[in-house]
1. Can you work out D for segment 167-326 in µm² s⁻¹ from Stokes-Einstein, where Rh is the Kirkwood radius over C-alpha pairs, the temperature is 25 °C and the viscosity is 0.890 mPa s?
2. From the phi angles alone, apply the Karplus equation (6.51, -1.76, 1.60; θ = phi - 60°) to segment 301-307 and give each ³J(HN,Hα) in whole Hz, x where the residue is Gly or Pro.
3. Take the alpha carbon atoms of segment 244-291, find their center, do the same for segment 8-66, and report the distance between the two centers in whole angstrom.
4. Of the peptides 174-183, 192-201, how do they stack up when ordered by the mean number of other Cβ atoms within 10 Å, highest first?
5. Normalised by the empirical 2.2 N^0.38 Å for globular proteins, what value does the Cα Rg of segment 134-200 take?
6. Which whole number in µm²/s is D for segment 98-257 by Stokes-Einstein, with the Kirkwood Rh taken over Cα pairs at 37 °C and 0.692 mPa s?
7. Suppose we look only past 13 Å in the calculated P(r) of segment 65-116. What percent of the Cα-Cα pairs does that tail hold?
8. Within the set of other residues whose C-beta is less than 13 Å from the C-beta of M109, count the net charge using Lys and Arg as +1 and Asp and Glu as -1.
Amino acid sequence: MPDSAFRVLEILERATGPLSGEAISNEMGMTRSAVWKHINELRMMGYDISSSQKEGYRLTRTSNKLLPYEIHKKLRTQVIGKKMRYIENTPSTIWIGKQLTSEGDVEKMHGMVIIAEEQTGGVGRMGRAWVSPSGGIWITIVLKPHVPVDHIFMITMAGSIAVARAIRNEFDIGALIKWPNDVFIGNKKVAGLLLELSAEADVVHHCLLSIGIDVNVPISDFSPELQDRITSISAEMGHEVDRASFLARILKEFESRYLLVESGEYDAIVQEWKSISCTLENRVQIRTLKNSFEGDAVDIDEFGALIIRKENGKLERVIAGDCFHQ
């Protein structure tokens, strides 16, 4: 949407009552027909704006879409989210991220957040489909990290912590992290993360951190086989929530942990992750590409690997795989 439409919106937000098209056109320095055009653009974006010949225009309800304009009003970060790319519908925000990073200067894109209202081809770990209906938060953060490649999983850990902390602080819900990259409320998944990187030898060129959260998504929108395993923020709260405020908090929580990772403060990340983990001290089954085994999840190391004590007492370090609680 053109910036001038947002300027019209700002005028309507400041107003204490209805404003005539003439008053808006005078303040904007444009014709009344241009004002009318921008009013209609705003309506197309989900803003309710009443109008009458006698009184003029009045903003009666803000948009429920995850528009950058609404997020930036509440954003308190230095870098993360200062640049945003908004798409109504896309196969996947990570696909958009790959396209952008292949064509442009990644250094200048650092911290950009790509947002979609809906993903038609969302992808989770190991290429699994990720259901991404409207009402959720589906984003990819473009990063140019100064982090050793062997500690790159710390970025996923920072993201998991950010999502869990944001849920806890915003809604007072006891969200926990399930290794390697999921966030749970009780025994149901509410969010997942995926990190893809472009690296060469020991040099990381860039990362794409994708985050998917079921926010204002009715459980009935999911297939019957998923409904017992998935929840949403609105289902837990009993009402829809402000996605823009929530995303602004997530980005703030993430930036503070990301800066710790870049500063080499790995222990701080590991300790916080442990404090809100639902995996540690649990009996788990691990499935990797090579084998499957059971044991007790006893620790996580500074590289993000899960430490399992097997039946024979031997400790097994798991770098990647699926973890199932028993």
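1. Working: Rh = 17.4 Å.
My calculation gives 141 µm²/s for D.
2. So the Karplus estimates, Gly and Pro as x, are 9, 6, 9, x, 6, 8, 9 Hz.
3. Each part's Cα centre sits 43 Å from the other's.
4. Details: 174-183: 21.6, 192-201: 15.9.
Those peptides, ordered most packed to least, come out 174-183, 192-201.
5. Working: Rg = 13.2 Å, N = 67, 2.2 N^0.38 = 10.9 Å.
Dividing the Cα Rg of segment 134-200 by 2.2 N^0.38 Å gives 1.21.
6. Details: Rh = 16.1 Å.
It diffuses with D of about 204 µm²/s by this estimate.
7. Details: 780 of 1326 pairs.
Counting pairs separated by more than 13 Å, the tail of P(r) holds 59 percent.
8. Numbers: positive: K82, K83, R85, K98, K108, K144; negative: E103, D105, E107.
Taking every other residue near M109 into account, the sum is +3.
The values are calculated or read from the model by the stated rules, or taken from the named source; none is laboratory data. Note that this is a predicted model, so its numbers are computed, not measured. Methodologically, a virtual Cβ is constructed for each residue, glycine included, from the backbone with ideal geometry; neighbour enumeration extends over all protein chains shown. Protein only, heavy atoms only, side chains kept; ligands, DNA and RNA dropped before computing areas. Shrake-Rupley method; radii C 1.70, N 1.55, O 1.52, S 1.80 Å.
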